[in-house]
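Every number in this text was worked out from the coordinates using simple rules, so none of it is lab data. None of the values given here were measured: they were computed from a predicted structure. Here Cβ is always computed from backbone atoms with ideal geometry, including for glycine, and neighbour counts include all displayed protein chains.
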Amino acid sequence: MDLGLQGKRAVVAASTRGLGFAAAEVLAREGAAVVVSGRSSERTEAAAALIGAVPVVADVSTPDGATAFVREARDALGGIDILVTNAGGPPAGGPDAVTVEQYADAFSLNALSVIAMCTEALPEMRSRHWGRIVAITSLAVRQPMAELVLSNTARAGVTGYLKTVARLVAPDGVTVNSLQPGLHATDRLRELHGGDLAAAASGVPAGIVGDPADFGAVVGFLCSEAARFVTGVALPVDGGAYAGLQ
């Protein structure tokens, strides 16, 4: 299926590995000019070289860093048609194991950074009457995880922001969606489960943890011309793990 992304300019935050890299890889394969980003210049350049992307070294964990990243990426590509927001997760811990200050850090990482990137990218998309924003959040937004209270809280907040913005910019031909990954074979999952992916998969109806490449394919579709009528969606990509009706 031709996603209609040939010649589009795509910017993917925190994309040297894991789900971010998988998204960047799909967009590059579909003919988009892609910016790959990360904090390490060595790792960012290596990831970009693998898929023929442009490396931009950036720390998107703060609003200022996130804004600067989008500006530098725009300069590198000459404009932005597609923005994929992403960032690492905050430390694990339940409500009785984290401090109030840690919530502020989590909001900066997983909510304010996304808001800053969208705020910087949207005016151009709206003026052009075409744009795609896909935010990588977490299944914890829909089904909170007891030991990830910081992520649960911050990502739920930014999901409300994304839904609100989606309704505002829909008349301008811009779609805004979020993806809620469940358990995928990433370094983050290995860290949380002590490297035991088989044990992690035991709670997934599909019987396996997700392949990042499959997740990237979903990002690619939401960025496509075919998905122009899909906006304001927060979609689980979780192998059936979410058990609710809504």
Out of 168, 27, 122, any idea which swings most in a Gaussian network model of the chain, alpha carbons joined below 10 Å?
168
Equivalent ellipsoid semi-axes, region 127-246, via Cα gyration tensor eigenvalues times 5, rooted, Å:
28, 16, 12
Gap separating the Cα centres of region 3-67 and region 135-167, nearest whole Å:
22 Å
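Expressed as a whole percent, how much of the Cα-Cα distance distribution for region 1-123 exceeds 23 Å? Working shown, then result.
Working: 2275 of 7503 pairs.
The proportion of pairs with Cα distances above 23 Å equals 30 percent.
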Length gained when the stretch residue 57-residue 1 is fully extended (0.36 nm per residue, less Cα-Cα span):
16.9 nm
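What's the magnitude of the charge dipole for the chain around its Cα centre, counting Lys and Arg as +1 and Asp and Glu as -1 at the beta-carbon? Answer in Debye, nearest 20. Could you put the intermediate results ahead of the total?
Details: 18 positive and 24 negative charges, 125 e Å.
Using only the charged Cβ atoms, the result is roughly 600 debye.
With the Cα gyration tensor of region 1-62 giving a ≥ b ≥ c as the square roots of its eigenvalues, does the rule (a/c under 1.5 for rounded; else a/b larger than b/c for prolate; else oblate) give rounded, prolate or oblate?
The shape class here is prolate.
How much length is gained if the chain between residue 172 and residue 103 is pulled fully straight, taking 0.36 nm per residue apart and subtracting their Cα-Cα distance, in nm to one decimal? Provide the component values of the computation, followed by the final result.
Values: separation 69, 0.36 × 69 = 24.84 nm, distance 3.42 nm.
That pair, residue 172 and residue 103, stretches by 21.4 nm at full extension.
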Be a star and scan region 116-153 for residues whose amide nitrogen sits under 19 Å from the point 7 Å along the Cα-to-Cβ vector of residue 243.
139-148
List the residue ranges in the chain for DSSP H helices whose C-alpha atoms run 15 angstrom or more along the long axis and whose Kyte-Doolittle average is -0.5 or above.
18-29, 41-51, 63-77, 113-128, 149-169, 212-222
Pick from 125, 145, 117 the residue whose mean-square fluctuation is largest in a GNM of the chain, springs joining Cα atoms under 10 Å.
145
With unit charges on the beta carbon (Lys/Arg positive, Asp/Glu negative), name the residue among 240, 206, 134 whose Cα is farthest towards the positive pole of the charge dipole of the chain.
134
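If you take the beta carbon distance between residue 39 and residue 190 as r and set R0 to 22 Å, what does 1/(1 + (r/R0)^6) give as a FRET efficiency, to the nearest 0.05? Don't skip to the answer; put the middle values down first.
Working: r = 19 Å, r/R0 = 0.88.
Rounded to the nearest 0.05, the efficiency is 0.70.
Share of antiparallel DSSP beta bridges in region 9-237, in percent to the nearest 5?
0 percent
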